[in-house]
Amino acid sequence: MRLPDKGLSREEILARMEDYGAGDLATHGGRTWAYVYDSGLKEAEKMAGEAYLRFLAPNGLDPTVFPSLLRFERDLIALSAAHLGGGKKAVGNFTTGGTESCLLAVKAARDWAKVHRPEITQPEMILPVTAHAAFHKAAAYFGVKKVLVEVDQTTFKADPAKVEAALSPNTILLVASAVSYAHGVIDPIGELGRLAEENRILFHVDGCVGAWLLPYFRRLGAEVPAFDFSVPGVTSISMDFHKYAYCPRGASIVMYRDRELRKHQFFACAEWTGYTIVNPSLLSGRTGGPLAAAWATVNAIGDQGYLELARRMMEAMEKVKKGLGSIPELRILGRPEFSLVAFTSDEINVFELIDEMKDKAWYVQPQFAYSGSRENIHLSISAVSLERVEEMLADLRGSVARVKERAGASFANLEALLSGLDLGALEGEGLGRMLSLVGIQGGRLPERKATINQVLNSLPPKLKERVLIEYFNGLYTQPPEDG
């Protein structure tokens with residue numbers, strides 16, 4: 001791509017952008033059951049867009065220069081502290097997303113341990129296998145060893161006894177979820193909090209998905225155990241605004257019980273010839289757009305608005321669970337306590353089922369088998385999903401019937417395709433060859449992805465990671481000259 005000699009017109013730019021977006025998933029309308037969170041509140045969304053554009057240029061690098069951004073952030077901190085039972089001492093910072101919030105919590109724990117547990121030279125954190133991949137990224141980035149522990153194979157909740165058995169003199173942090181992304185369940189935060197307190201260990205609750213609306217579910221009568229700062233032992237919490245607070249992307253927060261812990265999150269540098277840098281988050285310069293949009297959204301929707309959105313989500317969730325229970329070939333994994341539902345099948349291939357649903361213009365998300373959680377389909381239920389539940393379930397029943405008729409025909413040649421490859425020794429060209437064998441040509445995926453998903457599902461985790469890195473490393477390249 002080269003810059004045009006003369007700038008393109010507004011019409012030309014918009015036309016090209018529309019062309020680029022032609023293959024994207026629908027972000028509104030209730031047919032996409034992953035990646036997007038749709039409230040259906042058009043006025044609130046419009047207000048968020050206006051706020052985003054108004055504060056697009058102000059730079060969050062220095063709050064003394066753009067005090068408006070500091071006001072927005074302090075308001076959201078105060079709101080989050082009250083929402084999460086933190087009281088007046090709780091502090092936090094706005095981040096670009098749940099991954100950054102989780103990364104910062106791990107960084108703060110590592111640096112806290114350097115001061116308060118100096119005898120630890122190889123810090124460890126204990127992760128249930130249901131903990132989000134962001135903590136694995138934090139382990140890789142910050143040199144903290146991850147200690148994985150199995151979860152209850154029926155409920156998919158963290159097992160306090162197994163967590164306790166994994167404790168070592170090097171443990172600096174426990175992690176739990178409220179709720180876990182894969183299965184939508186709340187880990188036993190109270191029991192884990194007691195473990196953390198007894199062993200002088202920090203304890204982070206990943207509430208990126210659930211923490212905003214769980215209090216509303218409780219107000220509507222759902223049994224929601226304490227999961228926040230009201231639980232002794234909880235020292236930090238992450239919570240996303242761009243999920244179920246329905247704010248535009250780039251909006252999360254990480255909260256700490258007090259400033260003494262939070263200061264270990266910060267980075268400062270005066271050892272260079274430029275201005276002294278002080279960063280509360282991973283980024284330095286950042287647009288104020290997402291921050292302003294989050295502030296505008298939560299104020300536009302308000303408490304009663306979120307209560308109604310939670311009611312719609314709960315109703316949709318119950319209809320989904322009931323509907324899945326009426327399809328004999330399907331079964332739900334665990335007992336979802338929030339609007340995330342995973343279901344599998346002992347009779348048909350779920351990856352073929354995903355392709356059938358795509359043919360009917362539904363997007364449902366594949367999740368691969370790992371550690372007692374078999375391959376499954378994941379649904380993220382939004383408020384707008386309520387309008388589509390019955391239609392989606394009807395198409396799901398029909399899709400199940402069609403997959404049963406074919407009885408795995410998609411995989412008839414799969415073993416033959418892969419029989420000549422030494423999967424354990426694949427590197428570079430070998431990985432590329434395997435990708436081509438399952439239908440990936442020039443970085444382009446086939447329309448039906450069941451074979452690809454079946455292959456990935458069968459690979460050991462580390463090999464699966466290598467294959468995906470190989471694919472994405474080839475995907476982010478320069479486009480051909482013809483565009």
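The values are calculated or read from the model by the stated rules, or taken from the named source; none is laboratory data. The model shown is predicted, which means the values in this text are computed figures rather than measured ones. Quick reminder, even Gly has a Cβ in these numbers, built from the backbone with ideal geometry, and neighbours come from all protein chains shown.
Computed quantities for the displayed model
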{"read-out": "Checklist (1) surrounded by 13 or more Cβ atoms within 10 Å (Cβ to Cβ); (2) in contact (Cβ under 8 Å) with a residue 40 or more places away in the chain applied to residue 57, failing item", "value": "(1)"}
{"read-out": "The range 183-210, residues that are farther than 26 Å from residue 168 by Cβ and touching a His at 6+ places or on another chain (Cβ under 8 Å)", "value": "208"}
{"read-out": "The range 246-267, residues that are surrounded by fewer than 24 Cβ atoms within 10 Å (Cβ to Cβ) and in a loop (DSSP other than H, G, I, E, B)", "value": "248, 249, 250, 257, 258, 266"}
{"read-out": "Subset of the range 156-171 that is among the polar types (S, T, N, Q) and buried (at least 17 other Cβ atoms within 10 Å of the Cβ) - its residue that is farthest from residue 120 (Cα to Cα)", "value": "171"}
{"read-out": "Residue within the range 84-97 that is assigned to a helix (DSSP H, G or I), touching a residue at least 40 places away in the same chain (Cβ under 8 Å), in the same structural domain as residue 138 (by TED's automatic domain parsing) and not hydrophobic (A, V, I, L, M, F, W, C) present", "value": "no"}
{"read-out": "All positions within the range 309-320 that are surrounded by fewer than 19 Cβ atoms within 10 Å (Cβ to Cβ) and in contact (Cβ under 8 Å) with a residue 24 or more places away in the chain", "value": "311, 315, 319"}
{"read-out": "Pair list, Cβ under 6 Å, 6 or more apart: the range 268-283 residue assigned to a strand (DSSP E or B), other residue surrounded by 10 or more Cβ atoms within 10 Å (Cβ to Cβ) and among the aromatic types (Phe, Trp, Tyr)", "value": "279/267"}
{"read-out": "Only listed residue being in contact (Cβ under 8 Å) with a residue 40 or more places away in the chain, closer than 19 Å to residue 259 by Cβ and either of a type outside the set (A, V, I, L, M) or not assigned by TED's automatic domain parsing to the domain that holds residue 240 (or both), chosen from 50, 73", "value": "73"}
{"read-out": "Only listed residue being surrounded by 14 or more Cβ atoms within 10 Å (Cβ to Cβ) and either hydrophobic (A, V, I, L, M, F, W, C) or not in a loop (DSSP other than H, G, I, E, B) (or both), chosen from 342, 361", "value": "342"}
{"read-out": "Failed condition for residue 379, given (1) outside any helix (DSSP H, G or I); (2) at pLDDT 85 or above; (3) farther than 27 Å from residue 136 by Cα", "value": "(3)"}
{"read-out": "Residue count for the range 56-73, restricted to those that are not in a loop (DSSP other than H, G, I, E, B) and not aromatic (Phe, Trp, Tyr)", "value": "7"}
{"read-out": "Flag for residue 235 being assigned by TED's automatic domain parsing to the domain that holds residue 131, of a type in the set (Val, Ile, Thr) and out of contact with any helix residue (DSSP H, G or I) (no Cβ under 8 Å at 6 or more places or on another chain)", "value": "no"}
{"read-out": "Qualifying position, being at pLDDT 95 or above, surrounded by 15 or more Cβ atoms within 10 Å (Cβ to Cβ) and not β-branched (Val, Ile, Thr), among 296, 270", "value": "296"}
{"read-out": "Criterion: over 30 Å from residue 139 (Cβ atoms) and among the aliphatic types (A, V, I, L, M) - qualifying residue of 56, 84", "value": "56"}
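Here's the yes/no breakdown for (1) surrounded by 14 or more Cβ atoms within 10 Å (Cβ to Cβ); (2) farther than 19 Å from residue 357 by Cα; (3) not hydroxyl-bearing (Ser, Thr, Tyr):
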position: 3; (1), (2), (3): no, yes, yes
position: 11; (1), (2), (3): no, yes, yes
position: 21; (1), (2), (3): no, yes, yes
position: 30; (1), (2), (3): yes, no, yes
position: 34; (1), (2), (3): yes, no, yes
position: 37; (1), (2), (3): yes, yes, no
